[in-house]
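As structure tokens, the structure follows; a few thoughts come after it.
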Amino acid sequence: MDNEQIKIAHLNFVQSAINRMANNSFLIKGWTITLLSALLTVLWNEQGKGHFGIMFIPLVLFLWLDTFYLYYERLYRNLYIKIVINAPGIEPYSMCID
């Protein structure tokens, strides 16, 4: 393989990681809406309406997960840009995002 083919294959690897992170972030947002809607419905119909604070626990957890996936997506996008511009120190097929 010549250098151009190696670069294209490397970019494909990084792009697949970016796609997975974006997909995971999208799924987390969908699950957040679903779970919080279900909790709101259950808590609204119960006698004790003072338990709405329990909704913040999954909200904070899902917010942390979404932030995690968005952070790593950004790191992989930066790696992608470094590969495109032929930045020094990038090994072929390296997925190191430091």
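Worth pointing out:
- Boolean, residue 37 is among the hydroxyl-bearing types (Ser, Thr, Tyr), assigned to a helix (DSSP H, G or I), closer than 30 Å to residue 84 by Cα and open to solvent by 40 Å² or more (accessible area, probe 1.4 Å): no
- Residue check, residue 22 within 30 Å of residue 91 (Cβ to Cβ), in contact with an Asp or Glu (Cβ under 9 Å, 6 or more places away or on another chain) and hydrophobic (A, V, I, L, M, F, W, C): yes
- Residue 55 touching a Phe, Trp or Tyr at 6+ places or on another chain (Cβ under 7 Å) and assigned to a helix (DSSP H, G or I): no
- Just one of the listed residues (4, 73) is among the acidic types (Asp, Glu) and open to solvent by 80 Å² or more (accessible area, probe 1.4 Å), namely 4.
- Test: residue 80 is touching a residue at least 24 places away in the same chain (Cβ under 8 Å), of a type outside the set (A, V, I, L, M), in contact with a helix residue (DSSP H, G or I) (Cβ under 8 Å, 6 or more places away or on another chain) and open to solvent by less than 50 Å² (accessible area, probe 1.4 Å): no
The values are calculated or read from the model by the stated rules, or taken from the named source; none is laboratory data. These numbers were taken from a predicted model, which means no experiment stands behind them. Because the Cβ atoms are built from the backbone with ideal geometry, glycine has one as well, and the counts that use them run over all protein chains shown. In case anyone asks, the SASA skips ligands and DNA or RNA and just uses the protein heavy atoms, side chains included. Shrake-Rupley method; radii C 1.70, N 1.55, O 1.52, S 1.80 Å.
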